[in-house]
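Input: a single structure, listed below in structure tokens.
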Amino acid sequence: MATTLVEHVVADAGAFLRKAPLQEIGRNIYTLKDVVEEIRDKPTRRSLAFLPYQLHFKEPHPEHIRHGERASGSQPFPNLLKG
């Protein structure tokens, strides 16, 4: 059965940390420079130098970024803050 690839994939840090086979998902792999900069562990940073695909860096246009709003005094991610 032939695998159908999507044209574009946008990867976050989790994809690189999990060593996701992005080349098996899409033809063009995109990420942000900030995403790569947030990866701290040495093995993952080294593996980025030897990816089996070309990684394209793009920055979104400001009008395409939507900032989340929260109510005054509310905590972000309340479920994560429970001890």
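Taking the stretch 52-73, which residues are at pLDDT 80 or above and not charged (D, E, K, R)? PRO52, TYR53, GLN54, LEU55, HIS56, PHE57, PRO60, HIS61, PRO62, listed by residue number. A count restricted to the stretch 26-38 and to residues that are surrounded by fewer than 15 Cβ atoms within 10 Å (Cβ to Cβ) and modelled with pLDDT under 95 stands at 4. The number of residues in the stretch 39-52 that are surrounded by fewer than 14 Cβ atoms within 10 Å (Cβ to Cβ), closer than 25 Å to LEU5 by Cα and not small (Gly, Ala, Ser) comes to 4. Residues that are more than 17 Å from GLN54 (Cβ to Cβ) and either of a type in the set (A, V, I, L, M, F, W, C) or touching a strand residue (DSSP E or B) at 6+ places or on another chain (Cβ under 9 Å) (or both) within the stretch 7-38 comprise ASP12, ALA13, LEU17, listed in sequence order.
Contact map, the stretch 1-25: first residue surrounded by fewer than 16 Cβ atoms within 10 Å (Cβ to Cβ), second residue acidic (Asp, Glu) and assigned to a helix (DSSP H, G or I), Cβ cut-off under 6 Å, separation 6 or more or different chains; the map is empty.
The values are calculated or read from the model by the stated rules, or taken from the named source; none is laboratory data. Predicted, not measured: the structure shown is a model, and the values here were computed from it. Reconstructed Cβ throughout: ideal geometry from the backbone, glycine too, with neighbour counts over all protein chains shown.
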